[in-house]
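Everything on this sheet refers to the single structure shown next.
The values are calculated or read from the model by the stated rules, or taken from the named source; none is laboratory data. Not measured: the values here are computed from a predicted model. Cβ placement follows ideal geometry from the backbone for every residue including glycine, while neighbour counts extend to all protein chains displayed. Heavy atoms of the whole protein, side chains included, go into the accessibility calculation; ligands, DNA and RNA do not. Shrake-Rupley method; radii C 1.70, N 1.55, O 1.52, S 1.80 Å.
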Amino acid sequence: MTNRAHNFSAGPATLPLSVLEKAKSELTDYKKKGASIIEMSHRSPEYTEINRQATERLKKITGADDDWEVLFLQGGASSQFMMVPHNFLNSNRTADYIDTGAWSAKAIKEAKLFGNVHVPFSSKDKNYTRIPNSGELSYSDNPEYVHFTSNNTIFGTQFPAEPETNGALLVCDASSDFLSRPINIDRYGLIYAGAQKNLGPAGVTIVMIRKSFLEKQRSEAIPTILNYKTHVEKIFNTPPVYAVYMVNYVLEWILEKGGLSYFDTFNTKKADLLYNELDKDSFYRGTVEKESRSKMNVTYRLPNEDLEKQFLAEAAKNNLLNLKGHRSVGGIRASIYNACSIESVEALVNFMQEFRSSNS
Ligand SMILES: Cc1ncc(COP(=O)(O)O)c(C=O)c1O
């Protein structure tokens, strides 16, 4: 019997047990080949098939057509902060970056190394507690793209839908909500996401790029490994084989469950359970504006920091793990990605109720 905790880690995060069990059963001998997939060439027929299948599944799940390419890269979403502007910006070009949190700010910092950056909205002065309405976005005249962070993992905010852009294509850091709900793929030129929250283990960064968007690539030289065209052409260097293998099984699981509409309903249900609890009285205080609340990372405070410490310690004793807020903001953060079960959220809500009655 597996002893699985209720794991609310922000990432690397909990994965579907069925996927972990499958990987475990195949770890030493993949498809009767007498070797682990970790021990095989990335040019082997076995890995080639995994890469093909994962690509096909991702396109199916997101509704991407043949204009889209799927890349499995290394370097984390943080590398994409640099790679996107390296490919698309120069001193004559401008991109618009919506600033809704620490990760957006990091993306902005990198983009400024390569070209002009216009920030159509920032909630920094509001401590990143809100997402803009479309009326609050003042874009530059003709941006190469509009970059946004769909879900702000640290602050617990999420765009309720793709921001309006006056026709410019979106580039999205979807690291912490990719495949958690349907997206309007036609609005995007590029989507990137570290796998370690909704998609699999750390080590692979999913990049979906539209070929017609890639045609807008800048003409100045780009180092080979950082050029998207290198990776679109072929698998250029050794990919993170085992991480892609795991992602492929998570994608299979997503499809079996019913795809993005299933997860939209499921994730909304889980988030509602938690937010309803926060809204009952003032013992727990949500940290962001209600309209901007994330369905992936639910952030809240208790009446004081001592109670927060006690809450975390007692929660851990009750098998409710990794609830500490990001070190830069403190408080509590429950990350409830696709693989977090409703039972885990119910267990947390029950614990919150008990903790409130014993401490208020
Ligand atoms: C929204 C977002 N963007 C980027 C990152 C950085 O990702 P990585 O550690 O894969 O570089 C994170 C990590 O938590 C994140 O949540």
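Solvent-accessible area per residue for region 173-246 at a 1.4 Å probe radius, Å²?
In whole numbers, region 173-246 has 36 Å² accessible per residue.
Percent relative contact order of region 265-360, based on C-alpha pairs within less than 8 angstrom and at least six residues apart?
31 percent
Would you kindly calculate the translational diffusion coefficient of region 165-239, applying Stokes-Einstein with the Kirkwood radius from alpha carbon pairs, for 10 °C and a viscosity of 1.306 mPa s, and quote it in µm² s⁻¹ without decimals?
So the translational diffusion coefficient is about 115 µm²/s.
Which whole-number percentage describes the relative contact order of region 290-338, with Cα contacts under 8 Å and a sequence gap of 6 or more?
Contact order relative to length: 47 percent.
Which residues does the label zone of ASN319 cover in region 1-38, counting backbone N under 11 Å from a point 7 Å along Cα→Cβ?
Counting backbone N atoms under 11 Å from the label point, the list is 2-7.
In Å, what Kirkwood hydrodynamic radius results for the chain from the alpha-carbon pair distances?
Evaluated over the chain, this radius sits at 21.3 Å.
PHE236 label point, 7 Å along Cα→Cβ, cut-off 18 Å on backbone N: hits in region 55-81?
69-81
Given points 7 Å out from each Cα along the Cα-Cβ axis, report the GLN217 to SER78 separation in nanometres with one decimal.
Placing both labels 7 Å along Cα→Cβ, they lie 2.6 nm apart.
For region 75-153, which semi-axes, largest first and in whole Å, follow from the square roots of 5 times the eigenvalues of its Cα gyration tensor?
Working through the eigenvalues yields semi-axes of 20, 16, 9 Å.
Round to a whole number: what % of the accessible area of the chain belongs to carbon and sulfur, probe 1.4 Å?
48 percent
When only alpha-carbon atoms are used, what values of Rg and Dmax, in angstrom, describe region 108-265?
In order Rg, Dmax, the Cα atoms of region 108-265 give 16.8, 45 Å.
How big is region 255-350 by Rg and Dmax over its Cα atoms, in Å?
Radius of gyration, then largest Cα-Cα span, for region 255-350: 13.6, 44 Å.
In angstroms, what radius of gyration and Dmax does region 13-93 have, counting Cα atoms only?
So, for region 13-93, Rg and Dmax equal 17.2, 56 Å respectively.
Calculate, in nm to one decimal, what ASP29 and LYS290 gain on full extension: separation in residues at 0.36 nm each, minus their alpha carbon distance.
Answer, rounded to one decimal: 89.0 nm.
Return the loop-located trypsin sites (Lys or Arg not before Pro) in region 289-360 (DSSP other than H, G, I, E, B) with at most 10 other Cβ atoms within 10 Å of their own Cβ; answer none if there are none.
ARG327
Can you figure out the FRET efficiency of SER36 with LEU255, using R₀ = 22 Å and their beta-carbon distance, to the nearest 0.05?
The calculated FRET efficiency here is 0.35.
Over region 1-148, what is the mean sequence separation of C-alpha contacts under 8 Å (at least six apart), divided by residue count, expressed as relative contact order in percent?
Rounded, it is 17 percent for region 1-148.
Among the GluC sites (Glu not before Pro) in region 198-279, which ones are in a DSSP loop with at most 15 other Cβ atoms within 10 Å of the Cβ? Mind listing them?
Sites meeting the loop and neighbour criteria: GLU215, GLU220.
Could you tell me which residue out of ALA13, SER175, THR238 lies farthest along the dipole of the chain toward its positive end? Charges go on the beta carbon: Lys and Arg +1, Asp and Glu -1, centred on the Cα centre.
In the chain, that residue is THR238.
Would you mind computing, in nm to one decimal, how far apart the modelled labels at ASP279 and GLU346 are, each placed 7 Å from Cα along Cα→Cβ?
It is 2.2 nm.
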